[in-house]
Amino acid sequence: MATMHFDKTPYQRDLFGVPEEEIKNKFKGWEKNARYDVSMTVIVQIDTTNVSEAEYSVAPNITFLSSNQAIVNIYKTFSFTGSLTEFQDWYAKQETSLQYYVEDLLNRLNSARRQSGLTGSWYINYSLDDRTIIVHEVPE
């Protein structure tokens, strides 16, 4: 299990499966051959706007949402063409790769923060994470 968040399971989800009810725009025979377009957003956040230069060097795309929040928006899109079973296998590898990337980013941001002598920690804001999967017919 991983600690990435999506609407159906707010605190953890199985990396090795995409529930069929999350797949949008289904058509007859979509399970046998289709193009799957996926977009995923993961938000890494800290509850302060006091961010060090070392943190900026790790994540130059740090954005300030308000007077007390800094975020890094990680947005990934990809497409796959094949059967639902092939997509499930391929998708698990994509999500695992994203999980490793997010965990590495968190470790590097928190390390830079500690070295700068600042308090607080970066974390994944599970309530803002999102995933959309749309299926399309493949022209023959």
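Any residue that is over 25 Å from G29 (Cα atoms), modelled with pLDDT of 90 or more, touching an Asp or Glu at 6+ places or on another chain (Cβ under 7 Å) and of a type outside the set (F, W, Y) - is there at least one of those in the stretch 91-112? Yes: the stretch 91-112 contains one or more residues that are over 25 Å from G29 (Cα atoms), modelled with pLDDT of 90 or more, touching an Asp or Glu at 6+ places or on another chain (Cβ under 7 Å) and of a type outside the set (F, W, Y). State yes or no: is F64 surrounded by 15 or more Cβ atoms within 10 Å (Cβ to Cβ), in contact with a strand residue (DSSP E or B) (Cβ under 8 Å, 6 or more places away or on another chain) and of a type in the set (A, V, I, L, M, F, W, C)? When the stated conditions are applied, F64 does not pass them.
Consider T85 carefully, then state whether it is assigned to a strand (DSSP E or B), loosely packed, with under 13 Cβ neighbours inside 10 Å and either within 13 Å of the chain's Cα centre (by Cα) or of a type in the set (S, T, Y) (or both).
Working: assigned to a strand (DSSP E or B): no; loosely packed, with under 13 Cβ neighbours inside 10 Å: yes; either within 13 Å of the chain's Cα centre (by Cα) or of a type in the set (S, T, Y) (or both): yes.
No: the conditions fail for T85.
Among the conditions (1) touching a strand residue (DSSP E or B) at 6+ places or on another chain (Cβ under 6 Å); (2) hydrophobic (A, V, I, L, M, F, W, C); (3) buried (at least 17 other Cβ atoms within 10 Å of the Cβ); (4) more than 20 Å from V135 (Cβ to Cβ), V58 misses just one, which is (1). Taken across the stretch 38-47, residues that are farther than 20 Å from E103 by Cα and either part of a strand (DSSP E or B) or of a type in the set (S, T, N, Q) (or both) do occur, with at least one present.
Within the set of pairs 6+ apart or on separate chains, which have a first residue in the stretch 22-34 that is hydroxyl-bearing (S, T, Y) and loosely packed, with under 13 Cβ neighbours inside 10 Å, a second that is in a loop (DSSP other than H, G, I, E, B) and at pLDDT 90 or above, and C-beta atoms under 6 Å apart? Between residues of the stretch 22-34 that are hydroxyl-bearing (S, T, Y) and loosely packed, with under 13 Cβ neighbours inside 10 Å and residues that are in a loop (DSSP other than H, G, I, E, B) and at pLDDT 90 or above, there is no close pair.
The values are calculated or read from the model by the stated rules, or taken from the named source; none is laboratory data. Just so it is clear, the model here is predicted, and its values are computed rather than measured. Every residue, glycine among them, receives a Cβ derived from its backbone with ideal geometry; neighbour counts consider all protein chains shown.
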